[in-house]
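To keep things clear, I will list the structure first and then write my remarks on it.
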Amino acid sequence: MDETFDREKVVDCMFDPITSSILAELEDGEKECSFLAQKVSISESEVLERLSYLIENEFIFKKSNDGKYFLAANSDKLSTIVENSENFDAAINSLEKMDTYLN
């Protein structure tokens, strides 16, 4: 894989609560941007802004049809980031630590 992107920035995008909700919606396939915006209660432009780095680096595919935007996840590329990310273990450890404090 040609790594001309910032892995940490991609991981940060993926684990942002709103962005991760959007990505979860895209697991089932392509969705219209307006549908995603409605699901997470933000504007379409904010959806595109939040996903812009992932779109720019082809983790998310964006296409336009009749003035509407459609988004689809590049599942293979996204899962590769998680599987190969050194940050993934650190993120899990941080979540477990937060969970301990909350309990």
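The values are calculated or read from the model by the stated rules, or taken from the named source; none is laboratory data. This structure is a prediction, so every number in the text was calculated from the model and none was measured. Virtual Cβ from ideal backbone geometry, glycine too; neighbours counted across all protein chains shown. To get the accessible areas, we keep the full protein, side chains included, count just its heavy atoms, and leave off ligands, DNA and RNA. Shrake-Rupley method; radii C 1.70, N 1.55, O 1.52, S 1.80 Å.
For this structure, a couple of remarks:
- Residue in segment 1-25 that is most open to solvent (accessible area, probe 1.4 Å), counting only those that are more than 18 Å from residue 80 (Cα to Cα) and in contact with a strand residue (DSSP E or B) (Cβ under 9 Å, 6 or more places away or on another chain): 25
- Filtered by the rule that a residue be open to solvent by 30 Å² or more (accessible area, probe 1.4 Å), of a type outside the set (Lys, Arg) and within 14 Å of the chain's Cα centre (by Cα), segment 41-61 gives 46, 48, 49, 52, 53, 55, 56, 58, 61.
- Qualifying residue in segment 62-80 (condition: open to solvent by 60 Å² or more (accessible area, probe 1.4 Å), modelled with pLDDT of 85 or more and of a type in the set (Phe, Trp, Tyr)): yes
- Residues of segment 34-55 satisfying the condition of being free of Cβ contacts under 8 Å to residues at least 40 places away in the same chain, of a type outside the set (A, V, I, L, M) and in a helix (DSSP H, G or I): 34, 35, 38, 39, 44, 45, 46, 49, 50, 52
- Scanning segment 1-31 for residues that are polar (S, T, N, Q) and assigned to a helix (DSSP H, G or I) yields 19, 20, 21.
- Selection within segment 26-39 - surrounded by fewer than 16 Cβ atoms within 10 Å (Cβ to Cβ) and either farther than 16 Å from residue 80 by Cα or at pLDDT 95 or above (or both): 28, 29, 30, 32, 34, 35, 38, 39
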